Ligand code: IMP
């Protein structure tokens, strides 16, 4: 079995980019399987910070091939900007970066539709990143989408025009106050399409099948997190793709039996951007401290992230749905300095104490039940080995392992590649 998965287990922003970057040397191919430029994967090394949106996080490693899978949606304009940002690294992009012909394209009108739809929702808005993700996946499942492979056909621009015209009529339907200059947006779009067409398009499921037969190792990189999954997340406050393990099968064309390890990444506490329920959210100075020390601002939108204690009820659910085999705890360093740490181990749900995630986790239905653990004062950021960990951190980790019944194999103690401790 040649395919390992790497998934975020909370509401995204767990630090997947960093871990893919750390793990990449073990893999021949890194493949993104869902989502689009709503993601922002941050990598830090040699004193420089990089944010990737669509391009897999293995791009900086010399030997790894990076694949944008069929389950991903690509905005050519953002893609071009990502490529521009990479140009100073002199990477052989045509060789290192492969794109599935079956990946769908985000059109300028998809972004406008996203904005019009959100504006029409008023207070019920999802807090979308407004990158056109929802409308693009709607066209995919509605069988109207334009795929990367269409760019190799002569008549794709006719298909484009028909779809963009339909989108304009839909934007009018929303009667939202959206100002736009479509001619200008299309100018940028078609220029970016030319750049995209200079890259390597492949039948990626076939490529991955052969790679497995040749004994190559593959890491499937997820985006967002399990609680943003279209089926299992906090619907409707979710993204439009399957962020969970099964999404790797449909988003790459790998068979379930080919999957080996499932790495689950979580933060030592919880964050969320955008709207939607968040039972352990803090509105006090503890939440404020997590946000400040953890620099909790969205990598794509710059929005401040909501912060709260670790929610083990939700985390257990994610471990189950994904079949996680190894855990990685991120941002352990951010919890240094708290006297006491709380972990949510059950919910009071309609007068009953439960330990599973119910259908409805809005604040009026759910109150978290906490277990309190001792905090630690030591700064973890320069630690190099788990033997240096304070006793209270070890107790925190062991408590989580006991509850989740999965080993925590990596503890991250800072954003840099080097601040990663294996246990
Ligand atoms: P969309 O996928 O941009 O439409 O956003 C839907 C919801 O998912 C919103 O609450 C976003 O804030 C959230 N979301 C989307 N992508 C990410 C991500 O990469 N990290 C964290 N939250 C995200």
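What follows is calculated from the coordinates using simple rules that are stated; it is not laboratory data. A quick note: this is a predicted structure, and the numbers were derived from the prediction, not measured. FYI the Cβ positions are ideal-geometry reconstructions off the backbone, even for glycines, and counts take in every protein chain you see.
Relative to one another, the C-alpha centroids of region 24-50 and region 401-417 are positioned 19 Å apart. Taking a point 7 angstrom from the Cα of residue 295 along the C-beta vector, which residues in region 28-53 have backbone N less than 18 Å away? Counting backbone N atoms under 18 Å from the label point, the list is 40-53. Seen against the Cα atoms of the chain and their longest principal axis, helix 76-86 is set at about 60 degrees.
Descending by average beta-carbon neighbour count within 10 Å, the peptides 368-377, 338-347, 323-332, 26-35 line up as 26-35, 323-332, 338-347, 368-377, the highest first. When only alpha carbons are used to place a centre, region 111-139 and region 178-237 end up 18 Å from one another. Between residue 194 and residue 214, residue separation times 0.36 nm minus the direct Cα-Cα distance comes to 3.9 nm.
Taking 0.36 nm per residue of sequence separation and removing the Cα-Cα distance, the residue 166/residue 94 pair yields an extension gain of 22.5 nm. Take the alpha-carbon centre of region 67-99, take the same for region 298-341, and report the distance between them in whole Å. Their Cα centres are 29 Å away from one another. Under the criterion of Cα pairs below 8 Å and six or more residues apart, the relative contact order for the chain equals 20 percent. Beta bridges from DSSP with both residues in region 1-117: antiparallel share about 35 percent, rounded to the nearest 5. Hey, with R₀ at 30 Å, roughly what FRET efficiency would residue 231 and residue 416 work out to, going by the Cβ-Cβ distance, to 0.05? In this case the efficiency is close to 0.25. Rounded, prolate or oblate: which fits region 372-415, taking a ≥ b ≥ c as square roots of the Cα gyration tensor eigenvalues, rounded meaning a/c under 1.5, else prolate when a/b beats b/c? Taking the square roots of the gyration eigenvalues as a ≥ b ≥ c, region 372-415 is oblate. Prolate is the label for region 236-310. Its Cα gyration tensor axes, ordered a ≥ b ≥ c, give a/c of at least 1.5 and a/b above b/c.
Distance between the pseudo-spin-label points of residue 260 and residue 391 (7 Å out from Cα toward the beta carbon): 3.9 nm. Using 7 Å Cα-to-Cβ label points, what is the residue 303/residue 288 separation (nm, one decimal)? Modelled inter-label distance: 2.2 nm. Each DSSP beta bridge with both residues in the chain is either parallel or antiparallel, and the antiparallel ones are about 40%. For region 151-192, the square roots of the Cα gyration tensor eigenvalues, ordered a ≥ b ≥ c, give a/c of at least 1.5 with a/b no greater than b/c, which places it in the oblate category.
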